[in-house]
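Here's the structure, in structure tokens; my notes come after.
The values are calculated or read from the model by the stated rules, or taken from the named source; none is laboratory data. This is a predicted model, so every value here is computed, not measured. With ideal geometry, Cβ positions are generated from the backbone for all residues, glycine too; neighbour counts draw on all protein chains shown.
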């Protein structure tokens, strides 16, 4: 399950993607339009800025803007940046691998085998889906907004 913070991050990034790379959108427009608490959105956008996905500009025409093309930002990347590793078990994680404390051997672990298959399928979808895909397919946005 993804966090509320990750859902808000995706919703904010979709607004910025629709505006276009480098086009500033005021934080109040994002917060109001997406029904995201402003203080929480400020935190999220600051995280995304530190991770190199968005930039900020002060002043009359200020706001936040996407730094990369929407077709180069995947859902998987955003989830990892906001929520951390996607793997359901620590022994499957690319970002934060560690051996399970109670494990006798990864090769023989029947639990790991099933979750590894599910994890591969899940990450394949998340790492293939881009912000551009979500903009092009309004059904994705409806599903995102419904949660």
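Check 72, 92, 144 and return the single one that is closer than 20 Å to residue 44 by Cα and modelled with pLDDT of 80 or more.
On the way: 92 fails: closer than 20 Å to residue 44 by Cα; 144 fails: modelled with pLDDT of 80 or more.
Among 72, 92, 144, only 72 is closer than 20 Å to residue 44 by Cα and modelled with pLDDT of 80 or more.
Keeping to segment 15-57, report how many residues are within 14 Å of residue 82 (Cβ to Cβ), in contact (Cβ under 8 Å) with a residue 40 or more places away in the chain and not in a strand (DSSP E or B).
Of the residues in segment 15-57, 1 are within 14 Å of residue 82 (Cβ to Cβ), in contact (Cβ under 8 Å) with a residue 40 or more places away in the chain and not in a strand (DSSP E or B).
Select from segment 43-67 the residues that are under 14 Å from the mean Cα position of the chain (by Cα) and closer than 15 Å to residue 20 by Cα and write down the one among them that is surrounded by the most Cβ atoms within 10 Å (Cβ to Cβ).
66
Quick test of your reading of the structure: residue 11 fulfils all but one of (1) assigned to a helix (DSSP H, G or I); (2) more than 15 Å from residue 134 (Cβ to Cβ). Name the failing condition by number.
Among (1) assigned to a helix (DSSP H, G or I); (2) more than 15 Å from residue 134 (Cβ to Cβ), residue 11 violates only (2).
Can you pull out every residue in segment 107-140 that is in a loop (DSSP other than H, G, I, E, B) and surrounded by 14 or more Cβ atoms within 10 Å (Cβ to Cβ)?
109, 129 - these are the residues of segment 107-140 that are in a loop (DSSP other than H, G, I, E, B) and surrounded by 14 or more Cβ atoms within 10 Å (Cβ to Cβ).
I'd like to verify a number: residues in segment 58-106 that are in a helix (DSSP H, G or I) and either touching a residue at least 60 places away in the same chain (Cβ under 8 Å) or in contact with a helix residue (DSSP H, G or I) (Cβ under 8 Å, 6 or more places away or on another chain) (or both), how many?
13
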